[in-house]
Amino acid sequence: MSNRMEKEKNMVKVEYSANNSGGHWWLKDKDWVALSKAGWYVEWGGLYFCHSKFSWGSDKKLKDKCKTAESCHGHRKFRSYKNMEKEEDRYMGALAHDAKKKFKSITEALLEFEKLTGANVADEGCNCCGPPHGFSWKNLETGESEYESGEGLLPYLYPEKKIPHSLREAVESD
């Protein structure tokens, strides 16, 4: 097994997804740029899907790369935010919606994300839209996947602490 494959065995592929909670994006343009500079693969302008009648807006006319619509997992519309010249190039007003990167653990990913953006990954957002930050991760060795957002991320941020599952559980634990 190659060194690269051995290293990746112990890695998780982390994907961040923004949510327009409360009618606004919680990450600013500078936050997306900071993530990109730190090695996150930012999907500038959102995704383009081959053979879709609903995909539009890209820095060049994207030719369908995938054989069928079903086989397409989406392609980044722009190589850089610098290619996004018009307001309609943005994803509902945001520079991006998703970003991904490989890490040793989800804890490492969450801490880096907070450091780069100044955001609190455990923010709950508004009660109708839900948390503004969602994370999914896949263990590259086992293939197991998980997803959490909002306060559900607290056990991963603080793995050494016992985190109550609800405010009621916290109150009753006294």
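All of the numbers you see were taken from the coordinates with simple rules; none came from a lab. Since this is a predicted model, take the numbers as computed values, not measurements. Methodologically, a virtual Cβ is constructed for each residue, glycine included, from the backbone with ideal geometry; neighbour enumeration extends over all protein chains shown.
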Label zone at HIS75, where the point sits 7 Å out along the Cα-to-Cβ direction: the range 17-45 residues whose backbone N lies under 16 Å: 43-45
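Rounded to a whole number, what is D in µm²/s for the range 107-174 from Stokes-Einstein with the Kirkwood radius over alpha-carbon pairs (10 °C, 1.306 mPa s)?
So the translational diffusion coefficient is about 119 µm²/s.
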Ellipticity estimate at 222 nm from DSSP helix runs (n ≥ 4, -39,500 (n - 2.57)) divided over the chain, nearest 500: -5500 deg cm²/dmol
If you fit an axis through the alpha-carbon atoms of helix 106-117 and take the longest principal axis of the Cα set of the chain, what angle between them do you get, 0 to 90°, nearest 10? 70 degrees
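In this model, which of LYS37/LYS115; LYS115/LYS162; LYS37/LYS77 are farther than 20 Å apart at the alpha-carbon?
Going by Cα-Cα distance, LYS115/LYS162 fall outside the 20 Å limit.
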Residues CYS50, CYS126, sorted so that the one with the fewest Cβ neighbours within 10 Å comes first: CYS126, CYS50
Long-range amide H partners of LYS102 with built H, under 5 Å: VAL14
How do LYS37, LYS162, LYS101 rank when sorted from fewest to most other Cβ atoms within 10 Å of their own Cβ? LYS162, LYS37, LYS101
Mean Cα-pair separation over length for the range 33-170, i.e. relative contact order, pairs under 8 Å, 6 or more apart, %: 20 percent
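Which longest uninterrupted range of the chain lacks any chymotrypsin sites (Phe, Trp or Tyr not before Pro) assigned by DSSP to a loop state (not H, G, I, E or B) and surrounded by at most 15 other Cβ atoms within 10 Å?
Result, exposed sites excluded: 57-174.
Grab the other residues whose beta carbon is less than 12 angstrom from that of LEU167, score K and R as +1, D and E as -1, and report the net.
-3
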How long are the semi-axes of the equivalent ellipsoid of the chain, taking √(5λ) for every eigenvalue λ of the Cα gyration tensor, in whole Å from largest down? 30, 22, 15
